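Trainee: Take a look at the following structure, please.
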Amino acid sequence: MTPRRLQFEQGPIRPPNEAQSLLLRFTRNCPWNQCLFCPVYKGRAFALRTVAEIKTDIEAARNIADEIRGVSQQLGCEGTVTDRVISTVLSNPAHSGSYRSVAVWMYYQTGACFLQDADNLIMRTDDMVEMLTFLRRTFPEIKRVTTYSRSRTVTRKPADALKRIREAGLDRVHIGLESGSDAVLKLMKKGVTADQHVEAGHRLIEAGLELSEYVMPGLGGQDLWREHAVETARVLNRINPHFIRLRSLRIPARVPLHARLEDGSFRMLTDDMLAEEIRVFIENLDGVTSTVASDHMMNLLEDVSGKLPGDKPKMLEAVRAYQSLPEPDRLVFRVGRRGGAFRSVRDLARDPATCRKIRSLIDEVQRREGQEGVERMIAEMVDQSI
Ligand code: SF4
C-alpha cells in the first residue's frame, strides 16, 4: 500500500491578509515576470502545474488535516486545534513546512484558502473549474477561495469563463494594479494599460467575483508622484473594487529598478513625500464604496484604512496627524513604525517610554553617522519586511 502523502508544494508569497489561509500552489511563479519593482519570481521560470499534480497536493493537505484532527482527538480536544494541539504539532521536527502550515490554518479557523502563485487565471478554464470543484469537495470546511491574477490575463478570458470559475468556487481575485497612470505602468514594465486594468476590474465584478486591487504608493518616484496618485484614484473610481490595498514601493538591490536608483534616473519619495502622495490619492477617490486597507508592514501609515465613502475624513485625518507632527516627532514615529513599535501616530502620545528610547537611539546614530545614518537605519528596518 502506498503511504499517504503528508506534504505538498507551496509558493513563496501570499498577500498579508491571507497569512492565516490554507496555501495551495496552482501555478509556479509569474508568466510576465518583468515588473521592474518586483523581487519575487526573478530568475524563476513560469510553469503550469498539471491537474494530477494539484489534485495530489489537495489530497495531501486533506490527509494532513485529518491526521491533525486525529492528534486532537487523542489529546482529548475533540478534533479542534487548540493551543495544546498546535504546540504538539509544531514541536515535532519531523513535520514538513506544508504540514505545519495546515496546522496553523486549522488553529486560526479562518476557513480561507489562497491559491498561489502570481496569475492563476492563466490556467485553462476547464482545468481551473475541475481544480476548484475538487478542492471544494475535498475541503467542505473552506468558506472562501482567493487567488492572484493579472489584469492582462483577465481581459483575455471570456465573460462566461470567469462566471464558470466563480461558480466552481473562486470567490475573490487580488490584482496588482500598482498604478492607474499609463506613464508609470510603462516605466515599470507592468505590461498592462490603465484601460486594461479598468476592463479587467469590470469583468471580474460582473462575473460575481470580489475584487481586491493592490496600489503601490511611491511607484511614480519624485517625477511622477502626483500623476500616479491622481490617475490611480481615477482608475479606481471607474472600477469601484471591493478592496483597495496599499503596499508601498521598496527597492531592494535584487530588483531591476535598483539600477535606476543607482544611476539617478529614478528618485524615491521620502516618507514625507509619500504621506503627501497618499493624501492626494485618498482625496481623489470619489464615488466608490471600496474598503481601503493599509495592512502591509512596508506602509508608513497603517491607519489610512476604512470603508469609503464614510471613512474618507478619518483616513485624511490619519495623514494630517502625521504631517502636522513637529519634525523631531515625525522622525521618532518613522523609526518606531519601521521598527514595529508603533502602528499609528496616536501611539506617540500613548507610549512616552518607547518614544524616549527611540529618541536616544536616534541621537546616538546621529552622533555616530549623522542624519544619513538615521535614514539608512530606517531603510534597513523597512527592507527587512520585504
Ligand atoms: S505581474 Fe506581479 S508577480 Fe509578475 S513581475 Fe509583475 S508584480 Fe511581479
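The values are calculated or read from the model by the stated rules, or taken from the named source; none is laboratory data. Fair warning: this is a prediction, and the values are worked out from it, not measured in the lab. Because the Cβ atoms are built from the backbone with ideal geometry, glycine has one as well, and the counts that use them run over all protein chains shown.
Trainee: When you check Thr133 against the structure, is it more than 22 Å from the chain's Cα centre (by Cα), under 30 Å from Leu185 (Cα atoms) and not aliphatic (A, V, I, L, M), yes or no?
Mentor: Working: more than 22 Å from the chain's Cα centre (by Cα): yes; under 30 Å from Leu185 (Cα atoms): no; not aliphatic (A, V, I, L, M): yes.
No, not satisfied.
Trainee: To continue, here is another question. Which residues, counting only those in region 4-27, are farther than 16 Å from Ser98 by Cβ and surrounded by fewer than 22 Cβ atoms within 10 Å (Cβ to Cβ)? So that I can check it myself, show each step before the final result.
Mentor: Our first condition is that a residue be farther than 16 Å from Ser98 by Cβ; within region 4-27, this holds for 15-17, 27.
Listed by number, the residues that qualify are Pro15, Pro16, Asn17.
Trainee: If you don't mind, another one. So, Tyr99, is that one modelled with pLDDT of 95 or more, among the aromatic types (Phe, Trp, Tyr), surrounded by 15 or more Cβ atoms within 10 Å (Cβ to Cβ) and out of contact with any Leu (no Cβ under 8 Å at 6 or more places or on another chain) or not?
Mentor: Numbers: modelled with pLDDT of 95 or more: yes; among the aromatic types (Phe, Trp, Tyr): yes; surrounded by 15 or more Cβ atoms within 10 Å (Cβ to Cβ): yes; out of contact with any Leu (no Cβ under 8 Å at 6 or more places or on another chain): no.
No: the conditions fail for Tyr99.
Trainee: Out of all the residues in region 98-108, is one or more in contact with a helix residue (DSSP H, G or I) (Cβ under 8 Å, 6 or more places away or on another chain) and not in a helix (DSSP H, G or I)?
Mentor: no
Trainee: Looking for something in a helix (DSSP H, G or I) and either of a type in the set (Val, Ile, Thr) or within 16 Å of the ligand (Cβ to nearest atom) (or both) - is there at least one such residue anywhere in region 22-29? If you could, list the steps in order and put the result at the bottom.
Mentor: Residues of region 22-29 that are in a helix (DSSP H, G or I), as a first pass: none.
No, there is no match, as no residue in region 22-29 is in a helix (DSSP H, G or I) and either of a type in the set (Val, Ile, Thr) or within 16 Å of the ligand (Cβ to nearest atom) (or both).
Trainee: Here's another thing I want to ask about it. Among the residues of region 128-156, write down those that are surrounded by 18 or more Cβ atoms within 10 Å (Cβ to Cβ), within 16 Å of the ligand (Cβ to nearest atom) and not in a helix (DSSP H, G or I).
Mentor: Result: Thr146, Thr147, Tyr148, Ser149, Arg150.
Trainee: Okay, next question. Give the number of residues within region 157-189 that are part of a loop (DSSP other than H, G, I, E, B) and either at positive phi or away from the ligand (no atom under 11 Å from the Cβ) (or both).
Mentor: Keep residues of region 157-189 that are part of a loop (DSSP other than H, G, I, E, B), which gives 157-158, 169-171, 179-181, 188-189.
This time we only want the ones that are either at positive phi or away from the ligand (no atom under 11 Å from the Cβ) (or both), so: 157-158, 169-171, 179-181, 189.
Selection size over region 157-189: 9.
Trainee: Would a scan of region 260-282 turn up a residue that is touching a Cys at 6+ places or on another chain (Cβ under 9 Å), buried (at least 18 other Cβ atoms within 10 Å of the Cβ), more than 27 Å from Leu209 (Cα to Cα) and not acidic (Asp, Glu)?
Mentor: no
Trainee: Considering His202, His228, His197, which residue is closer than 21 Å to Arg150 by Cβ, away from the ligand (no atom under 14 Å from the Cβ) and touching a Gly at 6+ places or on another chain (Cβ under 9 Å)?
Mentor: On the way: His202 fails: touching a Gly at 6+ places or on another chain (Cβ under 9 Å); His197 fails: away from the ligand (no atom under 14 Å from the Cβ).
Every option except His228 fails the conditions.
Trainee: Okay, next question. Pairs needed: first member in region 12-33, over 23 Å from Arg124 (Cβ atoms); second member anywhere, within 15 Å of the ligand (Cβ to nearest atom) and outside any strand (DSSP E or B); C-beta distance under 6 Å; at least 6 residues apart or different chains.
Mentor: Ile13/Val40; Pro16/His296
Trainee: Here is a check on your reading of the model: is Val192 outside any loop (DSSP other than H, G, I, E, B) and modelled with pLDDT of 95 or more?
Mentor: Details: outside any loop (DSSP other than H, G, I, E, B): no; modelled with pLDDT of 95 or more: yes.
Against the criterion (outside any loop (DSSP other than H, G, I, E, B) and modelled with pLDDT of 95 or more), Val192 does not qualify.
Trainee: Just the residues that are touching a His at 6+ places or on another chain (Cβ under 7 Å) and either over 23 Å from Val382 (Cβ atoms) or modelled with pLDDT under 95 (or both), please, taken from region 213-238. Show your work before the answer.
Mentor: Just the residues of region 213-238 that are touching a His at 6+ places or on another chain (Cβ under 7 Å), to begin with: 214, 219-220, 235.
Residue satisfying the conditions is Val235 alone.
Trainee: Would you check which residues across region 216-238 are part of a helix (DSSP H, G or I) and under 16 Å from Lys190 (Cβ atoms) and list them? Can you show your working first?
Mentor: Let us first name the residues in region 216-238 that are part of a helix (DSSP H, G or I), namely 221-238.
Answer for region 216-238, where residues must be part of a helix (DSSP H, G or I) and under 16 Å from Lys190 (Cβ atoms): Gly221, Leu224, Glu227, His228, Glu231, Thr232, Val235, Leu236.
Trainee: Condition (residue is more than 16 Å from the ligand (Cβ to nearest atom), out of contact with any Pro (no Cβ under 7 Å at 6 or more places or on another chain) and at pLDDT 95 or above) applied to region 32-48: is it met by at least one residue?
Mentor: Pass one, region 32-48, residues more than 16 Å from the ligand (Cβ to nearest atom): none.
The answer is no, given that none of the residues of region 32-48 is more than 16 Å from the ligand (Cβ to nearest atom), out of contact with any Pro (no Cβ under 7 Å at 6 or more places or on another chain) and at pLDDT 95 or above.
Trainee: Any residue in region 337-344 that is within 16 Å of Asp295 (Cα to Cα) and without any contact (Cβ under 8 Å) to a residue 24 or more places away in the chain?
Mentor: Within region 337-344, the subset within 16 Å of Asp295 (Cα to Cα) is 337-344.
Checking which are without any contact (Cβ under 8 Å) to a residue 24 or more places away in the chain leaves us with 341-342.
For region 337-344, residues within 16 Å of Asp295 (Cα to Cα) and without any contact (Cβ under 8 Å) to a residue 24 or more places away in the chain: present.
Trainee: Can we say Gly79 is part of a loop (DSSP other than H, G, I, E, B), without any contact (Cβ under 8 Å) to a residue 60 or more places away in the chain and touching a Ser or Thr at 6+ places or on another chain (Cβ under 7 Å)?
Mentor: Values: part of a loop (DSSP other than H, G, I, E, B): yes; without any contact (Cβ under 8 Å) to a residue 60 or more places away in the chain: yes; touching a Ser or Thr at 6+ places or on another chain (Cβ under 7 Å): yes.
In short, yes.
Trainee: Return yes when Gln34 is within 20 Å of Thr146 (Cα to Cα), assigned to a loop (DSSP other than H, G, I, E, B) and polar (S, T, N, Q) and no when it is not. Give the derivation first.
Mentor: Working: within 20 Å of Thr146 (Cα to Cα): no; assigned to a loop (DSSP other than H, G, I, E, B): yes; polar (S, T, N, Q): yes.
Criteria not met by Gln34.
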